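Reading through the structure tokens given below for one structure.
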Amino acid sequence: MLTYKDLGLVNSREMFKKAMEGQYAIPAFNFNNLEQLQAIIMACVETKSPVILQVSSGARKYANANLLKNMAKGAVEYANELGCNIPIVLHLDHGDTFELCKSCIETGFSSVMIDGSHHSYEKNVEITRQVVEYAHKYDVTVEGELGVLAGIEDDVQAEHHTYTRPEEVEDFVKRTGVDSLAISIGTSHGAFKFNVKPGEEIPPLRFDILEEIEKRIPGFPIVLHGASSIPQDIIAEINKYGGDIQNSAGVPEEQLRRAAKSAVCKINIDSDGRLAMTAAVRKVLSENPQEFDPRKYLGPAREKLKQLYMHKIINVLGSNNKVS
Ligand code: G3H
Ligand code: 13P
Ligand code: ZN
């Protein structure tokens with residue numbers, strides 16, 4: 001069987017160890033097309049940052065598993081060509097079944113998430129352990145999840161948060177053998193994370209729960225989902241050029257900076273990238289209504305995305321200059 005090692009990818013083990021020691025977080029950026037992948041690699045090479053390329057099940061269906069495998073291989077070669085051999089992980093985001101995780105491992109993924117958070121605790125343990133047993137045979141790392149984020153987690157819809165219960169984490173980690181753990185401390189997916197009126201304060205993340213978790217599993221890599229900040233200047237640009245996005249709110253970057261210095265070793269960002277691309281595409285098409293060459297609007301979208309990722313890496317996650 002072809003494995004991720006044949007593609008030049010790495011698993012997340014060493015990356016997380018270094019991130020924990022260095023008190024920074026690895027960027028996990030979602031992608032499903034060429035321009036997003038180019039932007040991620042360009043930004044990470046320029047800042048000398050390790051990276052996790054993240055693919056949801058929906059993105060995998062959209063892009064095609066074979067194409068993704070070869071895109072990941074191409075990404076490794078592209079980074080080398082740009083002049084820096086950055087470590088690259090190909091990770092399944094929110095895998096919901098054993099079969100999906102297995103299929104990803106068979107098509108070049110070096111890391112998978114099994115998200116059993118919507119099941120009962122015992123069922124979550126069982127399904128996560130099953131994935132770990134299979135994945136570890138191929139030296140693929142596994143992320144599990146305890147607690148439920150509000151909003152939509154792929155096929156899973158959760159109306160409200162269920163914060164991670166610190167008293168469960170030690171047992172879960174021990175019984176499943178997972179390599180990292182996603183937790184719920186007040187973030188959610190998408191562009192509407194908090195129900196606040198303009199000018200109102202965004203409620204802080206539950207750092208008290210994170211600290212309690214760290215005490216119970218010291219040195220264990222923690223993952224933060226739903227970590228987009230929903231930059232309001234980008235929202236304003238989208239709306240200026242014909243968009244209509246109201247009442248959006250994200251996690252303030254200050255709080256993510258604080259998380260990155262803790263046991264949080266992986267920070268997931270998808271929505272901010274979607275917004276940046278949308279703003280750039282809308283601007284070009286609005287200012288040049290006669291334009292119909294996709295390179296003319298996807299090129300600027302790629303550049304805006306690259307700038308956004310560089311900003312996240314340098315000013316929020318602190319993963320820059322971690323590759324020689
Ligand atoms: O956690 C969700 C990610 O942002 C992926 O979203 O399922 O629309 O690709 P998606
Ligand atoms: P955002 O929607 O906040 O970007 O979260 C992305 C995520 O958690 C992917 O798993
Ligand atoms: Zn997520």
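Couple of notes before you dig in:
- Those helices (runs of 4 or more DSSP H) lying entirely in the range 1-107 with at least 2 residues in contact with a Cys (Cβ under 7 Å, 6 or more places away or on another chain): 13-22
Table: residues versus (1) within 16 Å of ligand 3 (Cβ to nearest atom); (2) crowded, with 20+ Cβ neighbours inside 10 Å; (3) among the polar types (S, T, N, Q).
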{"residue": "P27", "(1), (2), (3)": "yes, yes, no"}
{"residue": "L37", "(1), (2), (3)": "no, yes, no"}
{"residue": "N64", "(1), (2), (3)": "no, no, yes"}
{"residue": "G74", "(1), (2), (3)": "no, no, no"}
{"residue": "F98", "(1), (2), (3)": "no, no, no"}
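- The single condition among (1) modelled with pLDDT of 95 or more; (2) out of contact with any His (no Cβ under 8 Å at 6 or more places or on another chain) that F109 does not satisfy is (2).
- Of the strands (runs of 3 or more DSSP E) contained entirely in the range 148-252, those carrying at least 3 residues that are under 28 Å from E126 (Cα atoms) and within 16 Å of ligand 1 (Cβ to nearest atom) fall at 151-153, 156-158, 180-183.
- Of the numbered criteria (1) free of Cβ contacts under 8 Å to residues at least 60 places away in the same chain; (2) closer than 21 Å to I86 by Cα, the one G243 fails is (2).
- Checked against the criterion of being buried (at least 20 other Cβ atoms within 10 Å of the Cβ), modelled with pLDDT of 95 or more, out of contact with any Gly (no Cβ under 8 Å at 6 or more places or on another chain) and polar (S, T, N, Q), the candidates Q290, Q255, Q232 yield just one match: Q255.
- Pairs, first farther than 11 Å from V251 by Cβ in the range 199-227, second of a type in the set (K, R) and modelled with pLDDT of 95 or more, C-beta under 6 Å, six or more apart: V223/K266
- Hits in the range 108-142 (condition: of a type in the set (S, T, N, Q), under 19 Å from M71 (Cα atoms) and in a loop (DSSP other than H, G, I, E, B)): S110
- Residue that is nearest to the chain's Cα centre (by Cα) [pool: residues in the range 84-93 that are within 13 Å of ligand 3 (Cβ to nearest atom) and over 14 Å from V10 (Cβ atoms)]: D93
- Failed condition for S228, given (1) under 22 Å from G273 (Cβ atoms); (2) away from ligand 3 (no atom under 16 Å from the Cβ); (3) polar (S, T, N, Q): (2)
- Residue that is surrounded by fewer than 19 Cβ atoms within 10 Å (Cβ to Cβ), in contact with a Lys or Arg (Cβ under 7 Å, 6 or more places away or on another chain) and of a type in the set (G, A, S), where the choices are G250, G226, G243: G243
- Filter pass, G58 being within 16 Å of ligand 2 (Cβ to nearest atom), out of contact with any Leu (no Cβ under 6 Å at 6 or more places or on another chain) and not β-branched (V, I, T): yes
- Members of the range 1-43 that are within 14 Å of the chain's Cα centre (by Cα) and closer than 15 Å to N85 by Cα: I40
- Residue list for the range 262-307, filter: in contact (Cβ under 8 Å) with a residue 60 or more places away in the chain, hydrophobic (A, V, I, L, M, F, W, C), within 16 Å of ligand 1 (Cβ to nearest atom) and assigned to a helix (DSSP H, G or I): L275, M277, L305
- Every residue from the range 94-142 that is within 14 Å of ligand 2 (Cβ to nearest atom) and either among the polar types (S, T, N, Q) or more than 14 Å from N11 (Cα to Cα) (or both): H94, G95, D96, S111, I114, D115, S117
The values are calculated or read from the model by the stated rules, or taken from the named source; none is laboratory data. Just so you know, these numbers come straight off a predicted model, no measurement behind them. In this analysis, Cβ positions are derived from the backbone assuming ideal geometry, glycine residues included, and neighbour counts consider all displayed protein chains.
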